[in-house]
Each structure stands twice: as C-alpha cells, then as structure tokens.
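Data first, discussion second: the structure below is written as structure tokens.
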Amino acid sequence: MPWTYDPQNIFARILRGEIPNKTVAETTHTLVFHDIRPHAPVHVLAIPRGAYVNFDHFAAEASAEEIVDFHRTVAQVIADLGLAGPEGYRAITNSGVSGMQEVPHYHLHILGGRVLGRLVDPA
Ligand code: AMP
C-alpha cells in the first residue's frame, strides 16, 4: 500500500491531547476544529480519528462507519456554521507534493464567510 502514516504529525498529537485545539464538533470517529491560520472568516478542519494519510487512504481503508460518521459530522458542522444553502462554502483536501499537503493526516478544509475566488490560481 502506498500510504505510510507518521504518528508524530501535528494532528495525531492533537488527537492524543498533546496539543490544544479549538473544537467545533467531535464524535467517536471524527474531530472538527478551527484552523490555526484561517484563510477565510470561517475555516475549520475535519479529521478522522483513525490514522489515514490523505483522502484516497481514508476512502480505500476506513470502515463504512468511519466514512459515514465523518461526512455526516461535516454536514452538521456546515449547517451549524450557517454555510448550508445559498451562502455556500468550499470543502477542499490537499495531498502530497502537488497538493502541497502540510500535515500528513487526512483533513478536509471547510471555508466560507466570503466569496472565495477561483479554485486554483492559473499556472
Ligand atoms: P494542508 O496544507 O492541507 O496540509 O493544511 C494544513 C492546515 O493545518 C493549515 O491550514 C494549517 O494552518 C493548519 N494547522 C497546522 N497546525 C495546526 C494546529 N495546531 N491547529 C490547527 N490548525 C493547524
């Protein structure tokens, strides 16, 4: 398998309670917290509690229960933050070198509260 998980990554340390976070929501399988360097008025990160490096790792190896819990929790947070409906939001995930992933634990960025511009800068 192409995924090697580093248990010392900063989100693993948050999950172990070694580093504080500003929690938005938590369930058995999922934690949502505020990004420390927000890029928008709303910028939260949703992570599974399981040791998954990125989206394709999570999608391939997480249990159905983890996957459902993760997405239902994200949907609830989107509603709770007032982003559902026409206001809208952007949900993005980065992976590896091309995606410029900084923290090697799967996370979904949820951004909103302003018009966010184009998805990526033209090359
Ligand atoms: P990515 O580039 O997709 O890996 O994004 C990693 C995100 O994690 C960045 O937006 C950082 O601001 C955020 N981040 C890094 N350390 C922390 C932390 N201790 N608490 C909250 N967010 C963090």
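The values are calculated or read from the model by the stated rules, or taken from the named source; none is laboratory data. Here the structure is a predicted model, which means the values were calculated and not measured. Note that we place each Cβ from the backbone using ideal geometry, even for glycine, and neighbour counts take in every protein chain shown. What goes into the accessible areas is simple: the full protein's heavy atoms, side chains included, and nothing from ligands, DNA or RNA. Shrake-Rupley method; radii C 1.70, N 1.55, O 1.52, S 1.80 Å.
Before moving on, here are some points about what is shown:
- Qualifying residue in region 43-55 (condition: of a type in the set (Ser, Thr, Tyr) and either within 17 Å of Gly112 (Cβ to Cβ) or in contact (Cβ under 8 Å) with a residue 40 or more places away in the chain (or both)): yes
- Filter result (crowded, with 17+ Cβ neighbours inside 10 Å and within 14 Å of the ligand (Cβ to nearest atom)) within region 1-34: Phe11, Ala12, Ile14, Leu15, Asn21, Val24, Leu31, Val32, Phe33
For every residue, the table says whether it meets (1) modelled with pLDDT of 95 or more; (2) assigned to a helix (DSSP H, G or I); (3) hydroxyl-bearing (Ser, Thr, Tyr); (4) surrounded by fewer than 15 Cβ atoms within 10 Å (Cβ to Cβ).
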{"residue": "Tyr52", "(1), (2), (3), (4)": "yes, no, yes, no"}
{"residue": "Glu65", "(1), (2), (3), (4)": "yes, yes, no, yes"}
{"residue": "Phe70", "(1), (2), (3), (4)": "yes, yes, no, no"}
{"residue": "Thr73", "(1), (2), (3), (4)": "yes, yes, yes, no"}
{"residue": "Ile78", "(1), (2), (3), (4)": "yes, yes, no, no"}
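- Residues in region 107-120 that are more than 15 Å from the ligand (Cβ to nearest atom) and either of a type in the set (A, V, I, L, M) or open to solvent by 100 Å² or more (accessible area, probe 1.4 Å) (or both): Arg114, Val115, Arg118.
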